[in-house]
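Down below is the structure, laid out as structure tokens.
The values are calculated or read from the model by the stated rules, or taken from the named source; none is laboratory data. Here the structure is a predicted model, which means the values were calculated and not measured. Note that we place each Cβ from the backbone using ideal geometry, even for glycine, and neighbour counts take in every protein chain shown. Calculation scope for accessible area: heavy atoms of the full protein, side chains included, ligands and nucleic acids excluded. Shrake-Rupley method; radii C 1.70, N 1.55, O 1.52, S 1.80 Å.
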Amino acid sequence: MNNRRALITGGAGFLGSHLCDALLADGYSVVAVDNLLTGRLSNLEHLRKESRFEFQQLDVCEPFDCGPVDYVFHFASPASPVDYSIHGIPTLKVGSLGTFHALDVARKYDAKFLVASTSECYGDPLEHPQKETYWGHVNPIGPRSVYDEAKRFAEAATMAYLRYHSVDTHIVRIFNTYGPRMQIHDGRVIPNFMRQAMRGEDLTVYGDGRQTRSFCYVSDEVEGILRLSRSPEHTPVNIGNPSEFTILACAHQVLAATGSKSQIRHEALPQDDPKQRRPDISKARLLLDWEPQIDLPTGLRMSLDYFRRAVAELAPSRV
């Protein structure tokens, strides 16, 4: 019988909740912790009667202990531009104090540890596509720095616990991910476009729309994370989709998927917005035998039902 127990911080979030599902399917017992600052219990409602699952509402910025675990997945953090612009100081705290506390749990129970880092560590990159060896081009005091520097610090703390305490650590650099359970107003490209298209509003494209992103469907992302968690690799690994789209092309993909007749409206580009973002996944292919399977048009179609429900549930004040 499988008695492995995994702890997921940020377990009520978009990626965290999908990771709960995947680990349960892999035979783990799972304890998800979340302070619900940006996470939502509705993401875990389907697990309410699952005997191998438990949820604890707590703030990992304070020391915590949920009992013996075999794996700690540290995913707690505001992750969208809207969220971390509002919750800048909590974002810095969870990347620093929260990471230390999660690492301390792993150290106490001799558990493996994986931290969710981000492609934002590369900032507005001068290297394209971005390899894990690239140190980044980040503004340490700009409006995005609360997130970028929190994640860069989290990586440094994770490597320190490997070096000084021999904790078995892993670092995943997550590139743009999309799919069911994303917050409809979180400011990221796909939810913004989906919401606007389904409501017949203009799709907001910042700048000229020629800046690029690479979009990975959530099931592909989680599979890559799980493969990394089982690997012996300690240094960062990019997990994302190397198929690159301009923001303008992405808008047209959303219009095609939804059948919307919405128009496109251009607005000023936000400060420090990356002009290019595409992962080099050579390392993931070599070490994990992983690459994404779901292209953007397919992933958008797979997400339609969720976004339709989410748009239908919008409060009247936001309609």
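Does Arg265 meet the test of being in contact with a Ser or Thr (Cβ under 9 Å, 6 or more places away or on another chain), open to solvent by 80 Å² or more (accessible area, probe 1.4 Å) and not hydrophobic (A, V, I, L, M, F, W, C)? Yes, satisfied. I'd like the full set of residues that are within 17 Å of Lys108 (Cβ to Cβ) and open to solvent by 20 Å² or more (accessible area, probe 1.4 Å), limited to the stretch 48-62. Of everything in the stretch 48-62, those that are within 17 Å of Lys108 (Cβ to Cβ) and open to solvent by 20 Å² or more (accessible area, probe 1.4 Å) turn out to be Gln56, Leu58, Glu62.
Out of Val237, Val189, Val205, I need the residue that is of a type in the set (A, V, I, L, M, F, W, C) and in contact with a His (Cβ under 6 Å, 6 or more places away or on another chain). Which one? Only one candidate passes the filter, namely Val205. Residue count for the stretch 19-36 under the criterion of being part of a helix (DSSP H, G or I) and surrounded by fewer than 22 Cβ atoms within 10 Å (Cβ to Cβ): the result is 4.
Residue pairs whose Cβ atoms lie under 7 Å apart, sitting 6 or more positions apart in sequence or on different chains, and linking a residue in the stretch 231-247 that is farther than 8 Å from Ile281 by Cβ to a partner that is open to solvent by 10 Å² or more (accessible area, probe 1.4 Å) and assigned to a strand (DSSP E or B), are Pro236/Arg173; Val237/Arg173; Glu244/Thr212; Phe245/Thr212; Phe245/Arg213; Thr246/Thr212; Ile247/Arg213. Residue count for the stretch 97-147 under the criterion of being of a type in the set (A, V, I, L, M) and under 21 Å from Leu228 (Cα atoms): the result is 8.
Candidates in the stretch 114-132 are the residues that are touching a Lys or Arg at 6+ places or on another chain (Cβ under 9 Å), closer than 17 Å to Ile281 by Cβ and assigned to a loop (DSSP other than H, G, I, E, B); of these, the one that is most open to solvent (accessible area, probe 1.4 Å) is Lys131. Every condition in (1) without any contact (Cβ under 8 Å) to a residue 12 or more places away in the chain; (2) of a type in the set (A, V, I, L, M); (3) touching a Pro at 6+ places or on another chain (Cβ under 7 Å) holds for Leu286 except the one numbered (3). Taking the criterion of being in contact with a strand residue (DSSP E or B) (Cβ under 8 Å, 6 or more places away or on another chain), of a type outside the set (Lys, Arg) and over 29 Å from Arg265 (Cβ atoms), would at least one residue in the stretch 200-218 satisfy it? Looking for residues that are in contact with a strand residue (DSSP E or B) (Cβ under 8 Å, 6 or more places away or on another chain), of a type outside the set (Lys, Arg) and over 29 Å from Arg265 (Cβ atoms), one finds none in the stretch 200-218, hence no. Hey, can you tell me all the residues within the stretch 218-254 that are open to solvent by less than 40 Å² (accessible area, probe 1.4 Å), over 19 Å from the mean Cα position of the chain (by Cα) and polar (S, T, N, Q)? Result: Ser231, single match.
Taken over the stretch 268-278, the criterion of being open to solvent by 40 Å² or more (accessible area, probe 1.4 Å) and under 27 Å from Ser117 (Cα atoms) is satisfied by Leu269, Pro270, Gln271, Asp272, Lys275, Gln276, Arg278. Residues of the stretch 134-161 that are in contact (Cβ under 8 Å) with a residue 60 or more places away in the chain, part of a loop (DSSP other than H, G, I, E, B) and open to solvent by less than 40 Å² (accessible area, probe 1.4 Å): Gly142, Arg144. For the stretch 279-300, which residues satisfy the criterion of being more than 24 Å from Pro125 (Cα to Cα), touching a Phe, Trp or Tyr at 6+ places or on another chain (Cβ under 9 Å) and open to solvent by less than 50 Å² (accessible area, probe 1.4 Å)? Of everything in the stretch 279-300, those that are more than 24 Å from Pro125 (Cα to Cα), touching a Phe, Trp or Tyr at 6+ places or on another chain (Cβ under 9 Å) and open to solvent by less than 50 Å² (accessible area, probe 1.4 Å) turn out to be Ile294, Thr298, Gly299, Leu300. Please list, ordered by first then second residue, the pairs with beta carbon atoms under 8 Å, 6 or more apart or interchain, first in the stretch 7-23 and in contact (Cβ under 8 Å) with a residue 12 or more places away in the chain, second small (Gly, Ala, Ser) and surrounded by fewer than 24 Cβ atoms within 10 Å (Cβ to Cβ). Cβ pairs passing all conditions: Leu7/Ala111; His18/Ser219.
It is to be established whether one or more residues within the stretch 167-190 are assigned to a helix (DSSP H, G or I), touching a helix residue (DSSP H, G or I) at 6+ places or on another chain (Cβ under 8 Å), surrounded by fewer than 18 Cβ atoms within 10 Å (Cβ to Cβ) and not β-branched (Val, Ile, Thr).
Initially, the stretch 167-190 is screened for residues assigned to a helix (DSSP H, G or I), giving 189-190.
Pick out the ones that are also touching a helix residue (DSSP H, G or I) at 6+ places or on another chain (Cβ under 8 Å) and you get 189-190.
Within this subset, residues satisfying the condition of being surrounded by fewer than 18 Cβ atoms within 10 Å (Cβ to Cβ) are none.
No - not one qualifying residue is present in the stretch 167-190.
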